[in-house]
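S.K.: This is the structure I have questions about; it appears just below.
The values are calculated or read from the model by the stated rules, or taken from the named source; none is laboratory data. Being a predicted model, the structure only gives us computed values, none of them experimental. Here the Cβ positions follow ideal geometry from the backbone for every residue, glycine too, while neighbour counts run over all protein chains shown. For accessibility, only protein heavy atoms count, side chains too; no ligands or nucleic acids. Shrake-Rupley method; radii C 1.70, N 1.55, O 1.52, S 1.80 Å.
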Amino acid sequence: MSAAGEWPTEDLERLGRCPVCENPARALIYDNLTDVNQRCAPGHWTLWKCQGCGSGYLDPRPTLQSVVRAYARYPTHRVSERNDLARSGLSRFAAIVRNSYINRRYGGRRQPTSDWAWLLMYLLPPPLRLEWDHYMRHLPRPVPGRNRLLDVGCGNGDFLLRAQHAGWTVHGLDFDPTAAGVARGRGLDVYVGTLEDSPFLEESFDVVTANQVVEHVHDPVAFLRACWRLVRPGGLLWIGTPNVTPPVAARFGPFWPMLEIPRHLTLFSLDSLDFAFRNAGIASPQYKPRGWCIAGVMQDSTNIKNGAVAGSVTSIHPGIALRGAMHEAVAWVKPTCGVELIAIAHKPG
């Protein structure tokens, strides 16, 4: 069961139109949705599909002032990455292979490592290697004087530390004071608030990243536009967001964890994300494959359906792993069939 009760009426806003393209034509996707992921936000919610751009969106939805209450149990309130040096056996060997690849490709200084183990990554199925490219958000090698990075929606700071270890000067922003406090406790420079009230100057970052953020904001086009203003000429904007149209999602329906009701306000298709970029004054981005994750998301869906909270995957059933691998092969060839859309836009120099 999700949290009892309803979201207060005075803390709801009604749209009547798509928040991406403003088209009022829409079709019902799901009605009577509840917070099956974290089980802390009250309310029953309706998800619509825009007949114009193809976005999915909540209507009604929590107001900007009230939505923070839906994050009471959000996973960014704690450190989630395990210390590789504490691993042993096969787990330690896997960490050495991964770290060696990241260090060689992205300039990291991760430990434990090896001078040769990175070669093994190229003997594995490509989605496994692509997962670690996503882990590092496809960062270019930092160049002195061109190595300033902002992570918008940085949460507990996991990615900021990865980028910092690879030679980037990092800054973070998050509207959630609890998550930002965790990141600050790790020695990171994190601003609590929104892009609109942040102290960052225009064109002051070489890279701006926002992973699993644009779907949370009330005005996604304005969000992209604000991120783009911060990117220097020659820099890049990296956006990761759930895909509303992956073939596998329909199998699990309202238990698909990437719906993340009511925290995800807008869910994108390739067409709607392209529209949002163009409407924000950004040329259509390049799309990258997400890498290995679909089996884990499928197992998470199964666990959620059985009453667990999201992110509780400890092992993957062999049958789910096999089906996930089949979906992964398709997403490797055609990234827009994956469960996430990874978009990279380069600002002309």
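S.K.: What is the sum of charges around Met121, taking Lys and Arg as +1, Asp and Glu as -1, for the other residues whose C-beta is under 11 Å from the C-beta of Met121?
M.R.: Net of charged neighbours comes to +2.
S.K.: Then there's this: Whole-Hz ³J(HN,Hα) for each residue in region 334-348, computed from phi via Karplus 6.51 cos²θ - 1.76 cosθ + 1.60 with θ = phi - 60°, x for glycine and proline: what do you get?
M.R.: Coupling constants for region 334-348: 10, x, 6, 8, x, 7, 9, 9, 10, 10, 10, 10, 9, 7, x Hz.
S.K.: Out of residues 5 or more away from Gly235 or on other chains, whose amide H comes under 5 Å of its own, with H placed 1.01 Å from N in the peptide plane?
M.R.: Hits under the 5 Å cutoff: Lys347.
S.K.: Determine the shape class of region 195-349: with a ≥ b ≥ c the square roots of the Cα gyration tensor eigenvalues, call it rounded for a/c under 1.5, and otherwise prolate if a/b is greater than b/c, oblate otherwise.
M.R.: prolate
S.K.: Right, something else. Can you tell me the accessible area per residue over region 230-349, all protein chains present, probe 1.4 angstrom, in square angstrom?
M.R.: 39
S.K.: Another question about this same structure. Give me the percent of accessible area attributable to carbon and sulfur for region 37-172, probe 1.4 angstrom.
M.R.: 56
S.K.: According to the Kirkwood expression over distinct Cα-Cα pairs, how big is the hydrodynamic radius of region 194-240, in Å?
M.R.: 10.8
S.K.: Of the accessible area of region 268-321, with the probe set at 1.4 angstrom, what percent is carbon plus sulfur?
M.R.: 52
S.K.: Calculate how many DSSP beta bridges within the chain are antiparallel, expressed in % of all such bridges and rounded to the nearest 5.
M.R.: Among the beta bridges of the chain, antiparallel pairing accounts for roughly 55 percent.
S.K.: Per residue, how many Å² of accessible area does region 159-211 show with a 1.4 Å probe?
M.R.: Per-residue accessible area for region 159-211 comes out at 40 Å².
S.K.: Let me ask another. Cut-off 16 Å, label point 7 angstrom out along Cα-to-Cβ of Leu85: give me the residues of region 103-129 whose amide nitrogen falls inside.
M.R.: Residues 109-114 qualify, since their backbone N sits under 16 Å from the label point.
S.K.: In nm, to one decimal, how far is the Gln286 label point from the Thr336 one, both placed 7 Å along Cα→Cβ?
M.R.: Rounded to a tenth, the inter-label distance reads 1.8 nm.
S.K.: Using amide H atoms built in the peptide plane, which far-off residues or other-chain residues are under 5 Å from Gly108 H to H?
M.R.: Asn103
S.K.: Under a straight-distance cross-link criterion of Cα-Cα below 24 Å, which lysines are reachable from Lys288, leaving out those fewer than 8 residues away in the same chain?
M.R.: In chain and number order, the partners are Lys334, Lys347.
S.K.: Within region 156-264, which GluC sites (Glu not before Pro) sit in a loop by DSSP and count at most 16 neighbouring Cβ atoms inside 10 Å?
M.R.: Taking region 156-264 and a limit of 16 other Cβ atoms within 10 Å, the loop GluC sites (Glu not before Pro) found are Glu196, Glu202, Glu203.
S.K.: A further question on this structure: So what's the projected area for region 192-278, the Cα convex hull averaged over all directions, in nm²?
M.R.: 6.4
S.K.: Taking H as built 1.01 Å from N, whose amide H comes closer than 5 Å to the amide H of Ile29, not counting residues under 5 places away?
M.R.: Leu47, Trp48, Lys49
S.K.: Below 15 Å, Cα to Cα, which aspartates and glutamates can Lys305 reach? Residues fewer than 8 away in the same chain don't count.
M.R.: Within reach: Asp35, Glu260.
S.K.: Return, for the Cα atoms of region 105-176, the radius of gyration and Dmax in Å, separated by a comma.
M.R.: Reported Rg and Dmax, both Å: 13.7, 42.
S.K.: Tell me whether region 254-329 comes out rounded, prolate or oblate; compute the Cα gyration tensor, take square roots of the eigenvalues as a ≥ b ≥ c, and use a/c under 1.5 as the rounded threshold.
M.R.: Note, shape of region 254-329 comes out oblate.
S.K.: Then there is this: Across the chain, where is the longest run that never hits trypsin sites (Lys or Arg not before Pro) in a DSSP loop with at most 12 other C-beta atoms within 10 Å?
M.R.: That gives 110-349 as the longest site-free run.
S.K.: Same structure again: Could you give the size of the charge dipole of the chain about its Cα centre, using +1 on the Cβ of each K and R and -1 on the Cβ of each D and E, expressed in debye and rounded to the nearest 20?
M.R.: With only Lys, Arg, Asp and Glu charged at Cβ, the dipole is about 1160 debye.
S.K.: Here is a follow-up. The list [x] 1.05; [y] 0.97; [z] 1.09 gives values of Cα Rg over 2.2 N^0.38 Å, and only one came from this structure; which label was calculated from it?
M.R.: The value computed from this structure is option [y].
S.K.: If I measure Cβ to Cβ between cysteines in the chain, which ones have no partner under 4.7 Å?
M.R.: By the Cβ distance rule, which asks for a partner under 4.7 Å, the isolated cysteines are Cys40, Cys154, Cys227, Cys293, Cys337.
S.K.: Further question: I want to check the label-to-label distance for Ala27 and Ala222. Put each point 7 Å from Cα in the C-beta direction and report it in nm to one decimal.
M.R.: Reported label-point gap for Ala27 and Ala222 is 3.1 nm.
S.K.: If you take every DSSP beta bridge whose two residues both sit in region 101-221, what share of them, in percent to the nearest 5, is antiparallel?
M.R.: 10
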